[in-house]
Amino acid sequence: MRLLAIGDIHGCHDPLDELLNWVQPTPEDTLVMLGDYVNRGPNTRGVLERLIALQQQTNLICLRGNHEQLMVAAYRGDRGCKQMWLGVGGVETLASYGVTTSTPGTLDDIPAAHWDFLENRLADYHETAHFIFVHAGVLTDMPLEEQPDYALRWDFLPEAMRHHSGKTVICGHSSQRSGMPKIIPGAACIDTRAHGGGWLTCLDVINGRYWQTNLLRRHREGRIDYE
């Protein structure tokens, strides 16, 4: 049984498919998605459809990212959030729901099953005996159930993030332009900029092996050591 994590997908459906076909998660594995499935990349619709289907086949845990939070707030009528959401990739998301590439969709064109996934089927964090999974970060002296939204979904990676529990934090959100996982004392960040010319990363958090794919259909792999 493996404990796997996949970083920020951001609408990159094809790299996600390539990664899943390569890693081949089984029903015995636990697969944690770290959030930010929507916006920026070319096919948010395909990503959400893939994740919804995957929930029926594997032990899949999907976390809520700041982009999902913004998208739902836009749908619920928050005008400020809608403008912000459109400016950080919502335009690309709506394009993926359009009838043609020149006719973008609207929020009302997004299927009810996708809204149900975004509003009701995402977790704030996931915890195991040795690891903490969050989208963005944690306040190191605070229990998980007391963590504020801004820490879980909006904070960027500090120089160190050693949680008082002693558990290693696995996160995304802080986009790594190098395309490589970022290791700091107490944590590993695997947002490797899939949408921006980088890579989508899947990490076996127990042994440190990782697999990466990108929009050019390239593959590479490596291994990390925690600090």
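The values are calculated or read from the model by the stated rules, or taken from the named source; none is laboratory data. Small disclaimer: the values here were computed from a predicted structure and weren't measured. Positions of Cβ are generated from backbone atoms using ideal geometry, with glycine treated the same way; all protein chains shown enter the neighbour counts. Surface accessibility is based on the protein's heavy atoms, side chains included, excluding ligands, DNA and RNA. Shrake-Rupley method; radii C 1.70, N 1.55, O 1.52, S 1.80 Å.
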When only residues in the stretch 210-227 that are part of a strand (DSSP E or B) and open to solvent by 80 Å² or more (accessible area, probe 1.4 Å) count, which is nearest to P42 (Cα to Cα)?
H219
Residue tally, condition surrounded by fewer than 20 Cβ atoms within 10 Å (Cβ to Cβ) and either assigned to a helix (DSSP H, G or I) or without any contact (Cβ under 8 Å) to a residue 60 or more places away in the chain (or both), over the stretch 148-159:
7
Residue list for the stretch 47-71, restricted to those being open to solvent by 10 Å² or more (accessible area, probe 1.4 Å) and either touching a His at 6+ places or on another chain (Cβ under 6 Å) or not in a helix (DSSP H, G or I) (or both)
Q55, Q56, Q57, T58, N59, L60, I61, R64
The stretch 34-46, residues that are of a type in the set (S, T, N, Q) and either at pLDDT below 95 or in a loop (DSSP other than H, G, I, E, B) (or both)
N39, N43
Residue list for the stretch 169-200, restricted to those being in a loop (DSSP other than H, G, I, E, B) and farther than 27 Å from Q147 by Cα:
R177, S178, G179, M180, G197, G198, W199
Considering only the stretch 121-137, I want to know if a residue exists there that is crowded, with 16+ Cβ neighbours inside 10 Å and farther than 20 Å from E68 by Cβ.
yes
